[in-house]
DNA sequence: CCTAAATAGGACAATTTTAGTCCAATATGC
DNA sequence: GCATATTGGACTAAAATTGTCCTATTTAGG
Ligand code: FES
Ligand code: FES
């Protein structure tokens, strides 16, 4: 189904919340939980991952909490994906270390990698700020240039 | 990790093999297994899915086998993905029927859907014929037009 | 007919992944 | 000291995936 894990889904909501509370103040996990209606333990887990991934910074102790490490406009969807579920790799063969035993006979591995890169490129251009905006008119157009040189435009 | 299932990976190899043997002749599962070095039971499973999905047609009995239902140029990666792992839906909320309880408070659901569509559009323009070609120079360029109208081009 | 070659359909257990919660340790402010 | 918070990891239950196998059905050919 080519789906993302719930952790990533939650993570996005959490990041959006932090972007909202973003007057530079620290926001404790309990706040995030209340604001997103996600159970506190889950929020804590997500925030830990985001902190380790370097997307948010934390302060411990009383008065502590979390805060975006950068402006929402400078956090890409690709980074979020990478942090929350590791680098995009559609097939196992795409991994540099994992060696598929079919590789000698395989003709498609390279193509999947290209598709991965296309997806990655798509997410590179979408920032947390884009996600934060109300999802009404979200201008997104997609173009692939074929070898022939003619471009097909898809939008819907 | 945003990965596809192994079934889909196998399915692609199987389709490529069928595209190779494509002199219109029927190709039994045992042949596909030998050609792809994938275990026979797995190949059988994959071919059953592809047949039900309408990507290949089958003939039973002695002399039977499988055959692409269309030319490789007219089978898109999106179709393959849809058939083998169901429609692309990054988040559960993207599903029309599944109703996320966070929906009233959620600000990002729409954006994920847009990203899904971008991915879908990417795979719409890639055909089985593209996958079949040796993965050397696979011309793919990706462009998103922002609201501002300026286009960023990504290629690597 | 009879047999061998094939697909159709689904059941099945084993493995792996995911989800969500909880606990003990540590750090901070008052 | 004490309440507030993060840190790190352990842990279990549930869900998804994987790969194989079994039985029924269909077809070609002698
Ligand atoms: S290299 Fe593993 S399937 Fe192609
Ligand atoms: S609608 Fe479910 S998380 Fe947005």
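So the label point sits 7 Å from Cα along the Cα-to-Cβ vector; using that for residue A:6, what distances do you get to the other copies, in nanometres, sorted shortest first?
2.6
Length gain on complete extension for the stretch residue A:59 to residue A:6, per 0.36 nm per residue less the alpha carbon to alpha carbon distance?
16.5 nm
Give, in nm to one decimal, the length gained when the segment between residue B:44 and residue B:73 is fully stretched (0.36 nm per residue of separation minus the Cα-Cα distance).
Gain on extension, residue B:44 to residue B:73, equals 8.0 nm.
In nm to one decimal, list the spacings between the residue A:37 label point and its equivalents in the other copies, with label points set 7 Å along Cα to Cβ, shortest first.
Values, ascending and in nm: 5.2.
Run the label-point distances for residue B:69 please: 7 Å along Cα to Cβ, every other copy, nanometres, shortest first.
Once sorted, the set of distances for residue B:69 reads 4.9 nm.
Grab the eigenvalues of the alpha-carbon gyration tensor for segment B:1-86, scale each by 5, take roots, and send me the semi-axes largest first in whole angstrom.
20, 15, 11
Values in this text are rule-based calculations from the coordinates and carry no lab data. Predicted model, so just to flag it, every value in this text is computed and none were measured. With ideal geometry, Cβ positions are generated from the backbone for all residues, glycine too; neighbour counts draw on all protein chains shown.
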